[in-house]
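The values are calculated or read from the model by the stated rules, or taken from the named source; none is laboratory data. All of these numbers come straight from a predicted model, not from anything done at the bench. Because the Cβ atoms are built from the backbone with ideal geometry, glycine has one as well, and the counts that use them run over all protein chains shown.
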Amino acid sequence: MRSWAINNRYHHIALWIYLLIVVAHWAEHISQAIQIYALGWPLHEARGVLGVPFPWLVHSEWMHYGYAFLMLVGLILLRPGFTGRAKTWWTISLAIQAWHHFEHLLLLIQALSGSYIAGKAVPTSLIQLLIPRVELHLFYNTIVFVPMVVAMVLHMRPRPEERAAMDCKCAARSLVTTR
């Protein structure tokens, strides 16, 4: 079966575009944490980089859900381009993001219905019942990002048998060569 161009000819560029989107999202969460913990901003004013000029973004469950969905779709679409150890790590990231997506879907449904779980005053995810939202999203983004990066590194530096099974030229384009 022939794979999509995104998983062979364009896999390398697709991975880097995807990584850029993920890192930009990370920057938002990290800047929000800095605003809260380093700068002492009140939680309602700590809105990340884009949230300062566009505060509605932070409060939009559609925007948060859309990003979680985009992450899930990217992980699914790019997965067939991976082999061996890299595919295992990418799949771990995908599984964690599937749960993260579910939590955002739950938040979106609550926002749309006006009915919140556990008697809370705002949309609340299941794990958010245990961990505050800012910290929870830093955690989620970390546990999705780390295996994703491990997968990308292993993909760019495959073992000979993994390289032989690859349809893309990501390893050939890698700036680092392996022996």
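The table below lists the values:
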item	result
Residue check, LEU112 farther than 30 Å from ALA151 by Cβ, among the hydrophobic types (A, V, I, L, M, F, W, C) and surrounded by fewer than 15 Cβ atoms within 10 Å (Cβ to Cβ)	yes
Qualifying position, being surrounded by 18 or more Cβ atoms within 10 Å (Cβ to Cβ), at pLDDT below 95 and more than 30 Å from MET166 (Cα to Cα), among HIS59, HIS64	HIS64
Residue check, TRP41 aromatic (Phe, Trp, Tyr) and in a helix (DSSP H, G or I)	no
Residue identified as in a helix (DSSP H, G or I), surrounded by 15 or more Cβ atoms within 10 Å (Cβ to Cβ) and either of a type in the set (Gly, Ala, Ser) or at pLDDT 95 or above (or both) among LEU154, LEU138	LEU154
Residues of region 35-56 that turn out to be under 21 Å from THR142 (Cα atoms) and surrounded by 13 or more Cβ atoms within 10 Å (Cβ to Cβ), as a count	8
Criterion violated by ARG47 - all others in (1) among the basic types (Lys, Arg); (2) within 18 Å of the chain's Cα centre (by Cα); (3) modelled with pLDDT under 95 satisfied	(2)
Residues within region 75-102 that are within 22 Å of TRP62 (Cα to Cα), out of contact with any Phe, Trp or Tyr (no Cβ under 9 Å at 6 or more places or on another chain) and surrounded by fewer than 18 Cβ atoms within 10 Å (Cβ to Cβ), tallied	4
